Amino acid sequence: MRKTILIIAMALTVVTSGAQSFRDVINADPQKSASSYKAYPTPSGKLTPAPKGYKPFYMSHYGRHGSRFLIDPKQYSRPIALLAHADSLGLLTPDGKYALQAARAMAAEAYNRYGELTKLGAQQHRQIANRMSQRFPEIFRDTTATIDARSTVVIRCILSMENELQELLRHNAKLKVTCDASEHDMYYMNNYKDTLVARLRHEPAVKSTYDKWVKSHVDNRPLMHRLFNSAAYADTISTCNTLAADLFHLATIAQNSEIADKVNLYRLFTTDELYHLWQQTNIRWYLYYGASAVSGGRMPWAERPLVRDIVEKADSCLKLNHPNATMRFGHDSVVLPLVCLLDIDGYGTSTADIDSLEAYNWINTNIYPMACNVQFVFYKPIDPASKKPILVKVLLNEEEATLPIAAYPIPSAEERGSMGIPYYSWQDVRNYLLSKCNSTK
C-alpha cells in the first residue's frame, strides 16, 4: 500500500513539476508561448563525432518554411475594427490604445504580404544551410556532391528552398543542384487530402475534448476589462475569445519580422494568461496532428507517404558513388505529425489525458518553430571493402534526437568516441520506418 501511494505521489510530482516548469519558461521568455510562431532558435548542442571508420555520405531532410507574416488578413483587420470602434466611443484604456496602435502598425507592415516569408525567414534558412556545410563538409563541400530539392507549391516554401540552396552553393559552387515545386509531389510533401485524417480531425470526441478544456481553463474577461474602461461595455464583447486570440497571435508573430523591436503586445497579458493561451494551442495541435488517444493515435498517419518517400529515396541515393542529399521544404503541419509518427524524442506519446502533455514533455514550441526541420544523416564506412553496416542518426531542429529502437552496438570505447546520442543501423531504421507505413492499410 505504501509503495502504491509513493508511486502515485511521484507521478503527481512529475505532472505538477512539468506543468509548472513551462509556465516558468514563459515567465522568463514570453516568446516561448508562440508555439508554431516561435522564431527558429539557434541550436545549442554539439554533434557527437562519427564512430571510428565512418563518414557522412547522405542527408534526407524535411524542413518547414522560415518566419512569415500571418496568413489570414482578418487576423489583423478584426482586432483593429473592434478596438477602433471602442476608441471612437472613448472606451479604450491606455492598454487598449496601445493594442490598437500596435495592431495598426503590424497590419501596415504585413499589407499584401499575408503568409509570405519575412527577411528573418530567409536568413534562418541561410543559417541552417551554413551549419549543414560546416557540420557535414563530407556531403556538402564535396565537388562531386549532388542535391535534389523539392518544395510544396507555396511561395514561402519555394523561397525558403532557394535561400538554403543558394547558401550551400556559396560554400561549394560545384554542387550539382536540381530543384522543383510541383503538385506532382504534394501527395507526400503535404498530404492534406488524406480523407481519413481530415474526418478524424472533425470527430465529435475531438471537438468536445477541446471545447471542454477551453471552457474550464480559459477566461479572457480580465483582459477585456484591461482593454476597455467600461466594465459594462467589456462584458458585452461577445467575441472576447476571438479578440484575445487575435491579440495573442499578433504578440507571438511579431518576433518574425522587422517590427519585433517596435511593438510588444505581450505586455497586455499576465503570465498565467500567456501560459493558458499556449496550453490551448498545445492541446489543439496535439488533438489535430499528434498521436492523441482521443483519435486512436491515428492523426500522424497522414505522413506515411512521406516516410515511404524517405525510405525509397535513401535506398536509391545510398547506391550512388558520390555524396548527395534529398531536401524537402514544406510546413509545420507536416513536420509535427512526422515527428509524432516516428516517435522522435518520445513525441509519439498517445494519451487521452490532455492535461498530462507537459508531464510527457510534449511541448509544441520545441517541435515546430518557424524553419523547423528533421534531418536523417547517413554514414558509410570509410573503407569501401568494409562489411560494416550503414549508420544513421536523426536531428530535430539540428539537435541530436532519438528513435524508440535499439542503437547500433559499437563495440569499443575507442570506436564510440564520445558517443552519447545513439547511431542506428540503417537496416533497423528502415525496418522501423516501413513498419510505420505498413501498420494499417
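Within region 277-301, the set of residues being farther than 19 Å from Asn361 by Cβ, in a helix (DSSP H, G or I), out of contact with any Ser or Thr (no Cβ under 8 Å at 6 or more places or on another chain) and open to solvent by 10 Å² or more (accessible area, probe 1.4 Å) comprises Tyr288 only. When we screen Pro323, Pro381, Pro409, Pro389 for residues that are closer than 30 Å to Asp142 by Cβ, buried (at least 23 other Cβ atoms within 10 Å of the Cβ) and over 25 Å from the mean Cα position of the chain (by Cα), the only hit is Pro323. The requirement of being under 25 Å from the mean Cα position of the chain (by Cα), surrounded by fewer than 18 Cβ atoms within 10 Å (Cβ to Cβ), touching a residue at least 12 places away in the same chain (Cβ under 8 Å) and within 27 Å of Pro41 (Cβ to Cβ) is satisfied by Asp272.
Of the set (1) over 16 Å from the mean Cα position of the chain (by Cα); (2) among the charged types (D, E, K, R); (3) in a helix (DSSP H, G or I), all apply to Asp345 but (1). Summed over region 121-131, residues that are in contact with a Leu (Cβ under 7 Å, 6 or more places away or on another chain) and under 16 Å from Asn397 (Cβ atoms) total 1. Within region 336-351, identify whether any single residue is closer than 24 Å to Arg68 by Cβ and open to solvent by 10 Å² or more (accessible area, probe 1.4 Å), and answer yes or no. For region 336-351, residues closer than 24 Å to Arg68 by Cβ and open to solvent by 10 Å² or more (accessible area, probe 1.4 Å): present. For residues that are among the basic types (Lys, Arg) and not in a loop (DSSP other than H, G, I, E, B), scanning just region 25-72, find the one that is surrounded by the fewest Cβ atoms within 10 Å (Cβ to Cβ). Only one residue tops the list, namely Lys55. Taking region 121-156 only, how many residues are closer than 30 Å to Leu70 by Cβ and open to solvent by 50 Å² or more (accessible area, probe 1.4 Å)? Counting residues in region 121-156 that are closer than 30 Å to Leu70 by Cβ and open to solvent by 50 Å² or more (accessible area, probe 1.4 Å) gives 6. For region 157-187, taking the residues that are crowded, with 17+ Cβ neighbours inside 10 Å and small (Gly, Ala, Ser), the one that is nearest to Ala314 (Cα to Cα) is identified as Ala181. Where the second residue is among the aromatic types (Phe, Trp, Tyr) and surrounded by fewer than 24 Cβ atoms within 10 Å (Cβ to Cβ) and the first is closer than 16 Å to Glu183 by Cα and touching a residue at least 24 places away in the same chain (Cβ under 8 Å) and lies in region 321-336, which pairs have Cβ atoms under 6 Å and are six or more apart or on separate chains? Note: no pairs meet the criteria.
The values are calculated or read from the model by the stated rules, or taken from the named source; none is laboratory data. Being a predicted model, the structure only gives us computed values, none of them experimental. As a convention, Cβ positions derive from the backbone with ideal geometry for all residues, glycine included, and neighbour counts pool all protein chains shown. Quick note on the areas: whole protein, heavy atoms, side chains included, nothing else; ligands and nucleic acids left out. Shrake-Rupley method; radii C 1.70, N 1.55, O 1.52, S 1.80 Å.
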